[in-house]
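Below you'll find the structure, written out as structure tokens, and then a few comments.
The values are calculated or read from the model by the stated rules, or taken from the named source; none is laboratory data. This one's a predicted model, so the numbers in the text were calculated from it and none came from an experiment. No Cβ is skipped: glycine too gets one built from the backbone with ideal geometry, and neighbour counts run over all protein chains shown. When the accessible area is computed, the model is the full protein with side chains, heavy atoms only, and any ligands, DNA or RNA have been set aside. Shrake-Rupley method; radii C 1.70, N 1.55, O 1.52, S 1.80 Å.
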Amino acid sequence: MDPATGAVSAVLVEEDPAWLELLPGVPAWSADGRLVRIADVADGGADVDTGDGGTRVLAVGDRVLTDGRLHVRAVLDVGPGDVLVSASAGAGAEAPETGEVHVYRVTEAGAERLSEGVGVHGAVRAGR
């Protein structure tokens, strides 16, 4: 929305004739004003689509920051240079950990796992 004129325009439109999943923590905005979202991608593909894709990836603006190795489940926090997410193993994971959910820090350089051990992990972040 343009505060000066009140004019509005769509940033992104996602449609599906059957169902769109609403996921925790999104939509959100990065510090530099880009849309942070979780998008579905087709199995084995890198293109974001709005179909019944096999993997959910983290997208910031027009960049996809994760790939099929992670299945992003929620955005936990958006920081000035990173995004914290919870994710399970995706279809492209080398060693899938069935039933586990871990916390990752995602930057333009890739994803870094923060949680350790077997289990379903979550996190919060506040302050500096």
Quiz item: Out of curiosity, is V26 part of a loop (DSSP other than H, G, I, E, B), within 22 Å of E108 (Cα to Cα), modelled with pLDDT of 90 or more and open to solvent by less than 80 Å² (accessible area, probe 1.4 Å)?
Solution: yes
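Could you list all residues from region 84-128 that are assigned to a strand (DSSP E or B) and hydroxyl-bearing (S, T, Y)? Write out each step before concluding.
Applying the first criterion (assigned to a strand (DSSP E or B)) to region 84-128 yields 84-89, 101-107, 110-113, 120.
If the condition is that a residue be assigned to a strand (DSSP E or B) and hydroxyl-bearing (S, T, Y), then S86, S88, Y104, T107 are the ones that fit.
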Quiz item: Among the residues of region 83-113 satisfying the criterion of being over 17 Å from D67 (Cβ atoms) and surrounded by 13 or more Cβ atoms within 10 Å (Cβ to Cβ), which is farthest from the chain's Cα centre (by Cα)?
Solution: E100
Self-check item: Every pair of residues 6+ apart whose Cβ atoms lie under 6 Å, when the first sits in region 69-81 and is part of a strand (DSSP E or B) while the second is surrounded by 20 or more Cβ atoms within 10 Å (Cβ to Cβ) and of a type in the set (D, E, K, R)
Solution: H71/R56; V72/R56
